[in-house]
1. Looking at (1) buried (at least 22 other Cβ atoms within 10 Å of the Cβ); (2) within 14 Å of another protein chain (Cβ to nearest Cβ); (3) touching a residue at least 24 places away in the same chain (Cβ under 8 Å), which is the only condition residue A:215 fails?
2. I need a count of the residues in segment C:1-38 that are under 23 Å from residue A:109 (Cα atoms) and not in a helix (DSSP H, G or I).
3. Given the options C:168, C:124, C:148, name the one that is surrounded by 12 or more Cβ atoms within 10 Å (Cβ to Cβ), part of a helix (DSSP H, G or I) and modelled with pLDDT under 85.
4. Report yes if some residue within segment A:47-60 is assigned to a helix (DSSP H, G or I) and over 18 Å from residue A:173 (Cβ atoms); otherwise report no.
5. Need at least 1 residues that are within 14 Å of chain C (Cβ to nearest Cβ) per element, so show me which helices (runs of 4 or more DSSP H) inside segment A:71-179 make the cut, counting only ones lying wholly within it.
6. For residue C:143, are the conditions met, namely being assigned to a helix (DSSP H, G or I), in contact with a helix residue (DSSP H, G or I) (Cβ under 8 Å, 6 or more places away or on another chain) and within 25 Å of residue C:58 (Cβ to Cβ)?
7. State all residues of segment C:176-185 that are free of Cβ contacts under 8 Å to residues at least 40 places away in the same chain and either assigned to a helix (DSSP H, G or I) or within 14 Å of another protein chain (Cβ to nearest Cβ) (or both); if no residue qualifies, say none.
8. Taking the criterion of being within 14 Å of chain A (Cβ to nearest Cβ), within 15 Å of ligand 1 (Cβ to nearest atom) and in contact with a helix residue (DSSP H, G or I) (Cβ under 7 Å, 6 or more places away or on another chain), would at least one residue in segment B:149-158 satisfy it?
Ligand SMILES: Nc1ncnc2c1ncn2[C@@H]1O[C@H](COP(=O)(O)OP(=O)(O)OP(=O)(O)O)[C@@H](O)[C@H]1O
Ligand SMILES: [Mg+2]
């Protein structure tokens, strides 16, 4: 147990201090994206992993957050960060609208409904001119003040994202130990059994979805802050949703650290396949994504977390 | 009167799985529910526990009409049940399974855990508390279901063949467990095919056939009843046990 | 008059929707698995048609059966290699398996063919039939009629033949079917084969009058979801009626509201259907 604590401390120092040593902008950029991806995947994990309600439309919350930030700037001249709460509120509303009708049903109805809802929103947005229609929205070209949170270096974003990730991890860890977490895992284990023990299934799923949607929207807002641009595809595109699912599933859905591990593997992988095959435009990256998903579902449904557990059990058996 | 079910009907398509079943129960009783395979006992249980909505009839539990209430409402009112085919949360630890039940009356994790550990001790599962429920065999799962149900602190517990498939020693242990549960003030309805279990546990036996009650009374008297023998034998000759 | 034209156009496209949704609903009804790659199966079939036309210079009489055959094979392979192992696993694995498969198919085609739209030559089934002022493209007419006939044939096969009753027996109760000597695996593989072949035929037919692109399956799979939800899960006649209805709704809404909004109407309808009648409009409660 002691050794593990030490490991965490060392890891923590590394995560906090490396930008002081390594100055490459590319690496810093990838690191910021990695943390951001870890936030969205951890947020997805609350309802998709712990609760087993597989949303393939979480981009609707991500997009809501991103649009909230940049619409506040474009339409009201606010600093984008002031629009993030608007995006979160919109995401919560969407969560209720999509969750309530489908949560009475079995799992895959929810998956289908989320796909339909996100597509619906994407098409709607492409036709709403105050939200930039299909062109999208831009942030301030040049920071008007510190409040615009517009920096040239990725490092400030990196630390901002880290802080949010830490908050999310604390929330998730608390949830894991509380009644909500137990109820979610019970629902994933079987709704009939859960209900017979007094678990209010719809309410539990809805609360989880709202927490999840809120944090996903926050991730979207942060993305918009850093990138300063959002359009229907980068906000509500199918691949945005898919990325959250695959990152969580790769690391281990329904575990605290799984999404972080998944992001640490997948984001660098994505950047390098993009570099190798010449940009994300070729589709090669997503073939890799798809293949990873298929292989995980076929051979390792618990993700890397399951692998680690299997290996440690084996090691213990050998030791004994 | 703790439970009063009147004229319960449950249709599957056109098939009347439960067909006008009545049952009433006093606090503190152990009632044995028996009947040939396919008589509708489990379906009747599912109606009582809110897992299926009866097509007709009325269920009053502890002064509340629960005929159309959800299973979670039944649990809140104090009616718990086990399943003939166990439905444990396989990926969760045994203790965590029980904690899900305990959270119903103890919203704080610490209190729920204390309750769960107490129930695990009582049901003899303490040694397996940290193992995943999926690693238990059928007997362990049935026991875990009892523990989980007990953790909701029910006043009525429905056991659907919780003692099926046990050998003589195991059966004796299980009988003692049921007696222990009863001693804690829980009223019980037990479905069993093994008559010796009914004879040693139940104060009253109710016989089901073709979806309704054909006989009720003291267990010894009931199993000597002509109609009951007829129902069982008739079944046995028509459909040999596979 | 315009109304008659719109409805007829809608019915013809709707028949194709019905066919592709029948494939989805068959798999769904058989084993309670949702094939999220169904739209990509359709897309794959469109490329089979495209490649067949450009390299072998064959007509629809040959490439439609060819697409059916290829997709039948794909379905069977997918069942044995993937579905059989995940269908009893956790929900996440079930959903991810077909979803990931769809991504692989879609972006592999994207990689090979890039995002460019291609299409079959107009002259393949060219011309317009005019009756009483009603103008029907031969390509759509052919697609609609063939799809309608095949959907009906699938229904008859399921309800009137020995093979159909074996399939339905497995769908009804796997264990019971095993007890009467039906091995469920070949039956379920067959269902995947037939289901994918439905997508195959539908894809080859759609290619007659629609552009082909790697991402085209995206909206088609959603239409199939809507159709299956409205028609009731597992019901082929339900898929037929719902498919026709959706074709007509699409056709009317793109005329009266605008082409950009037709998907909004259809997806909105889907969400609405989940709200009010989750078991499907024609499904039993
Ligand atoms: N969900 C269902 N759909 C259709 N028929 C059902 C369903 N559940 C049970 N049945 C049928 O209802 C009848 C009663 O079943 P039930 O399980 O209640 O009997 P039982 O008395 O518990 O039998 P056993 O002693 O074998 O457990 C049986 O004929 C069964 O096949
Ligand atoms: Mg039974």
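The values are calculated or read from the model by the stated rules, or taken from the named source; none is laboratory data. Everything quoted here is computed from the prediction, not taken from an experiment. Glycine gets a Cβ as well: all are built from the backbone with ideal geometry, and neighbour counts include every protein chain shown.
1. (2)
2. Of the residues in segment C:1-38, 6 are under 23 Å from residue A:109 (Cα atoms) and not in a helix (DSSP H, G or I).
3. C:124
4. yes
5. Because the criterion is at least 1 residues that are within 14 Å of chain C (Cβ to nearest Cβ), the helices (runs of 4 or more DSSP H) in segment A:71-179 that meet it are A:80-102, A:107-125.
6. yes
7. C:176, C:177, C:178, C:179, C:180, C:184
8. yes
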